[in-house]
Amino acid sequence: MPRRRPSRSRSKSKSKSVPKDPNPSLSVLVTVKDGTDNTLEVVNIADLDPSAAVTMIQDAAERNTCTAKIDMTYIQQSARMDPVRMVLQTKGRSRRPGAVVGFLLAKYKDASTLYIDLVCSSKKGGGRVLMDAAVHFADTQGMDVALSAVPQVLGMYPKFRFEHRLSCEQGAEVVHPPAIIKRPALSANLYRDKTLLKHMMTLSNKGFTGTQDCNGQTFKQTARGRKDFILNECGKDGFYMMRCHDRLTPKL
């Protein structure tokens with residue numbers, strides 16, 4: 001009989017050593033297959049301890065999760081202040097959480113608008129998965145969604161029904177040229193692309209630029225106008241877009 005006691009203690013120690021999800025209370029918003037044995041999950045970490053959330057997002061950003069160059073200080077500030085935090089993580093056959101390969105940060109611009117500050121992903125298609133989660137999150141609350149689209153991804157957002165408008169009470173001001181929509185990933189030197197440069201100047205002239213020094217200015221489609229636009233880097237902070245909830249666009 002005394003010899004059986006160690007075997008019982010060993011069985012207990014085995015049960016204690018089984019790995020568990022460290023954050024079982026966090027809600028999974030979206031689950032998709034990534035074409036391999038892994039699954040991608042968008043997890044809402046808004047209820048996670050703020051310091052732990054900031055660390056998670058900062059670690060992901062330092063691993064080059066953001067394909068566009070974004071100031072790390074801005075990422076840290078947004079991670080601390082934004083109430084809506086989502087991370088994109090992988091899950092393998094073990095079904096345990098894996099690496100964080102993307103994140104999305106957003107805040108409430110007003111009572112009816114969710115403003116997306118950052119979307120970063122090192123996983124192909126990860127940005128689309130995060131946007132799906134954010135749009136669904138906003139739709140469930142009956143909210144509009146706003147953001148400033150950087151030139152590299154201007155062609156991605158119309159697919160989510162984003163348009164260049166300053167409010168949902170007015171119509172869309174600018175329609176993307178087909179050349180922009182068909183190529184969401186553009187070259188590193190944005191101002192060398194003549195089609196994109198012309199389009200960015202049109203957006204800026206209509207008040208959609210996020211660059212303060214360019215607001216209120218009118219840039220003519222001339223060599224001098226293009227030079228002034230480039231010198232002011234009027235595309236660096238993106239261009240304002242909104243996705244209006246169905247309450248303002250009734251179906252026929």
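Since every read-out is calculated from the coordinates, none of them should be taken as a lab result. Treat the numbers as computed from the prediction; the structure is a model and nothing was measured. Cβ atoms come from the backbone with ideal geometry, glycine included; neighbour counts cover every protein chain shown.
From the Cα gyration tensor of the range 145-252, with a ≥ b ≥ c the square roots of its eigenvalues, which class applies: rounded if a/c is under 1.5, or else prolate if a/b is larger than b/c, or else oblate? Note, shape of the range 145-252 comes out prolate. With a threshold of 23 Å on the Cα-Cα distance, the over-threshold entries among LYS124/LYS198; LYS206/LYS227; LYS107/LYS227 are LYS124/LYS198; LYS107/LYS227. Paramagnetic label reach from TYR74 (point 7 Å along Cα→Cβ; backbone nitrogen cut-off under 12 Å): within the range 142-156, residues 148-151. Fewest-first ordering of HIS199, HIS176, HIS136 by other beta carbons within 10 Å of each residue's beta carbon gives HIS136, HIS176, HIS199. Rounded to 0.05, the FRET efficiency of the LEU166 and ASN232 pair, given R0 = 22 Å and the Cβ-Cβ distance, is 0.60. Overall, the range 145-252 carries a charge dipole of about 400 debye about its Cα centre when +1 sits on the Cβ of Lys and Arg and -1 on the Cβ of Asp and Glu, all other atoms neutral.
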